[in-house]
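This report refers to the structure that appears directly beneath it.
The values are calculated or read from the model by the stated rules, or taken from the named source; none is laboratory data. Quick caveat, the model's predicted, so the values are computed rather than measured. With ideal geometry, Cβ positions are generated from the backbone for all residues, glycine too; neighbour counts draw on all protein chains shown. These area figures cover heavy atoms from the full protein model, side chains too; ligands, DNA and RNA do not enter into them. Shrake-Rupley method; radii C 1.70, N 1.55, O 1.52, S 1.80 Å.
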Amino acid sequence: MASKKGMAIASLLLRLFTILFSAGCIVVLILDKAPNGGDSNVTFRDVIGYKYVFATAAVAAAYCLLLLPFTMYRACTGKKLVRGPFLPALYFYGDKVVAFVLASGVGAGFLDTADLKVAYGDFLELFGEDFKDTPLEGFFNKGYVATALLAGAFLCMAILSIFSFPQRPPTDATNKGFFFR
């Protein structure tokens with residue numbers, strides 16, 4: 001079994017990677033623009049699924065930034081900053097909730113991008129145009145990139161949720177478990 005210091009360092013690295021992936025997703029979404037005929041541009045604010053991807057990335061980054069000082073202290077000193085059951089419970093339940101929120105954001109981003117590409121492609125075929133010749137192709141491809149970055153954040157958070165599982169108390173020969181005493 002890995003040492004506690006090694007687990008704390010791995011947890012710190014995974015939290016940092018989650019922040020980086022989430023921040024990268026947010027940056028790609030903010031910079032993703034496509035011309036929309038006149039003077040206006042299509043941005044992530046115009047696609048509901050991309051708004052949700054943005055929100056889930058922001059929630060994950062904020063959650064990891066909130067717990068980063070506690071994780072850094074534990075990785076550096078090997079001791080807990082806050083004693084008691086509150087912080088382990090926050091790690092355990094918070095990591096699970098944020099991982100599921102990220103998973104739903106990944107699903108929404110990929111499915112919304114695929115659905116909109118097909119819908120716009122079918123619409124343009126009615127007028128005899130090819131979807132690949134439009135600026136919306138690049139817009140949706142950047143949506144795929146942002147969602148892939150969010151998938152990386154989900155993967156890091158899912159591994160973190162495994163690490164945050166509460167440790168079982170050591171058992172001795174007389175205590176065989178909950179059912180067999």
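Some values worked out for this structure:
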{"read-out": "Test: residue in segment 30-42 that is at pLDDT below 90 and either surrounded by 17 or more Cβ atoms within 10 Å (Cβ to Cβ) or assigned to a helix (DSSP H, G or I) (or both)", "value": "yes"}
{"read-out": "Residues of segment 1-15 satisfying the condition of being open to solvent by 70 Å² or more (accessible area, probe 1.4 Å) and part of a helix (DSSP H, G or I)", "value": "LYS4, LYS5, ILE9, LEU13"}
{"read-out": "Residue that is least open to solvent (accessible area, probe 1.4 Å) [pool: residues in segment 62-84 that are farther than 18 Å from ILE159 by Cα and among the hydroxyl-bearing types (Ser, Thr, Tyr)]", "value": "THR77"}
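To keep it simple, each residue is scored yes or no on (1) charged (D, E, K, R); (2) open to solvent by 40 Å² or more (accessible area, probe 1.4 Å); (3) touching a Gly at 6+ places or on another chain (Cβ under 6 Å).
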position: PHE86; (1), (2), (3): no, yes, no
position: ASP95; (1), (2), (3): yes, no, no
position: LEU111; (1), (2), (3): no, yes, no
position: ASP115; (1), (2), (3): yes, yes, no
position: ALA119; (1), (2), (3): no, yes, no
position: LEU124; (1), (2), (3): no, no, no
position: GLU129; (1), (2), (3): yes, yes, no
position: GLY143; (1), (2), (3): no, no, no
position: THR147; (1), (2), (3): no, no, yes
